[in-house]
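For reference, the structure is listed below as structure tokens.
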Amino acid sequence: MQRYFVDKEYWLDEQVVIKGDDYHHIVNVMRMRVGDEVICNHPDKEAYLCSIDRIDQQAIYLNKINRMTDQVELPVDITLIQGLPKGDKLEWIVQKSTELGVKKIIPLNTARSVVKWDIKKQAKKIDRLKKIAKEASEQSHRTDQPIIESLMTIKQLSAQIEEFDHLFVAYEETTRQIKTDKLYTYLENIKPGQSVAIVIGPEGGLTEEEIEQLYAAQFKAVRLGPRILRTETAPLYFLSVMSLLFEES
């Protein structure tokens, strides 16, 4: 069944109103008619089964049938801090991480990031990523959409660490100052309701200097298995482990 995120202003007492791109999708792509049912997501993370009551030239009016009670969000809030990868890989990472339950995604500017965003390009990129996250949330029947933050540096990131209960950085090496541990050594300390952040480097990884900056900001260096993962694979590994631990165990 199709699912749509609807802004708070379009929720009435007993009805929901859909306009814009979702109106086009329902009417012109899905070819829905009066009586067809969809699921509407409220910004407060509630979802309702709704039936189309009428279709006007620019708006669809739906009647609420009942509130959905399925729990589909990860019990742990996970923030992915992703080093800027080449090409359109970040779009793929956003899509798949959304499907796996990520709470927030922060693009990270690193020394080995080949891609560079200027101010104009950044605004367009972020808008594009938000659209991808919205569509992936609807496709995977989530009740929440990931937050897509603006591009950050490690210095900017370090100023926001207080909002997280657990901080990790994926790193396959061991430096003179930093010992890299296996991820599972920290898993028993993570509890439902807590927030977790993980930094994933771009192609070529993070520099030793960047790792030491993150270490100084209380990030723990962890290995994601014995093999070297691509930058677009590492987030999926981490999110899958968290899903197994908190949703399937």
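The values are calculated or read from the model by the stated rules, or taken from the named source; none is laboratory data. It should be emphasised that the depicted structure is a prediction, and the values quoted were computed from it without experimental measurement. Cβ atoms come from the backbone with ideal geometry, glycine included; neighbour counts cover every protein chain shown.
Within segment 79-105, can you find the residues that are without any contact (Cβ under 8 Å) to a residue 60 or more places away in the chain and not in a helix (DSSP H, G or I)? Within segment 79-105, GLY87, ASP88, LYS104, ILE105 meet the criteria. ARG33 meets each of the listed conditions (1) charged (D, E, K, R); (2) more than 16 Å from ASN66 (Cβ to Cβ); (3) at pLDDT 95 or above; (4) not in a loop (DSSP other than H, G, I, E, B) apart from (4).
When segment 122-158 is filtered for residues that are part of a helix (DSSP H, G or I), over 14 Å from LEU90 (Cα atoms) and of a type in the set (D, E, K, R), the ones remaining, listed by number, are LYS134, GLU135, GLU138, LYS155. Can we say ASP127 is more than 26 Å from ALA47 (Cα to Cα), surrounded by fewer than 16 Cβ atoms within 10 Å (Cβ to Cβ) and among the charged types (D, E, K, R)? Spelling it out, it is not the case that ASP127 is more than 26 Å from ALA47 (Cα to Cα), surrounded by fewer than 16 Cβ atoms within 10 Å (Cβ to Cβ) and among the charged types (D, E, K, R).
Looking at ILE119, ILE132, just one residue is over 22 Å from LYS220 (Cα atoms) and at pLDDT below 95, and that residue is ILE119. Residues in segment 190-204: is at least one part of a helix (DSSP H, G or I) and either within 25 Å of LYS131 (Cβ to Cβ) or not polar (S, T, N, Q) (or both)? Looking for residues that are part of a helix (DSSP H, G or I) and either within 25 Å of LYS131 (Cβ to Cβ) or not polar (S, T, N, Q) (or both), one finds none in segment 190-204, hence no. For first residues located in segment 26-52 and farther than 13 Å from ASP144 by Cβ, partners that are part of a helix (DSSP H, G or I) and of a type in the set (A, V, I, L, M) and lie 6+ apart or on another chain with Cβ distances below 7 Å form the pairs MET32/ILE26.
Applying the set (1) out of contact with any Lys or Arg (no Cβ under 7 Å at 6 or more places or on another chain); (2) touching a residue at least 24 places away in the same chain (Cβ under 8 Å); (3) assigned to a strand (DSSP E or B) to ASN66 leaves exactly one unmet item: (2). If you go through segment 207-221 one residue at a time, do you hit one that is of a type in the set (Ser, Thr, Tyr), in contact (Cβ under 8 Å) with a residue 60 or more places away in the chain, out of contact with any Lys or Arg (no Cβ under 6 Å at 6 or more places or on another chain) and over 26 Å from LEU74 (Cα atoms)? Looking for residues that are of a type in the set (Ser, Thr, Tyr), in contact (Cβ under 8 Å) with a residue 60 or more places away in the chain, out of contact with any Lys or Arg (no Cβ under 6 Å at 6 or more places or on another chain) and over 26 Å from LEU74 (Cα atoms), one finds at least one in segment 207-221, hence yes.
Being within 13 Å of the chain's Cα centre (by Cα) and crowded, with 19+ Cβ neighbours inside 10 Å, is that true of even one residue in segment 106-120? Yes, segment 106-120 has at least one match. Could you run through segment 1-25 and say how many residues are assigned to a loop (DSSP other than H, G, I, E, B), more than 19 Å from GLN139 (Cα to Cα) and without any contact (Cβ under 8 Å) to a residue 40 or more places away in the chain? Within segment 1-25, residues that are assigned to a loop (DSSP other than H, G, I, E, B), more than 19 Å from GLN139 (Cα to Cα) and without any contact (Cβ under 8 Å) to a residue 40 or more places away in the chain number 2. Selection of segment 210-227 for residues being over 23 Å from the mean Cα position of the chain (by Cα) and farther than 15 Å from ILE81 by Cβ yields GLU212, ALA216, PRO226, ARG227. In segment 159-189, of all residues being assigned to a loop (DSSP other than H, G, I, E, B) and among the β-branched types (Val, Ile, Thr), the one that is surrounded by the fewest Cβ atoms within 10 Å (Cβ to Cβ) corresponds to THR174.
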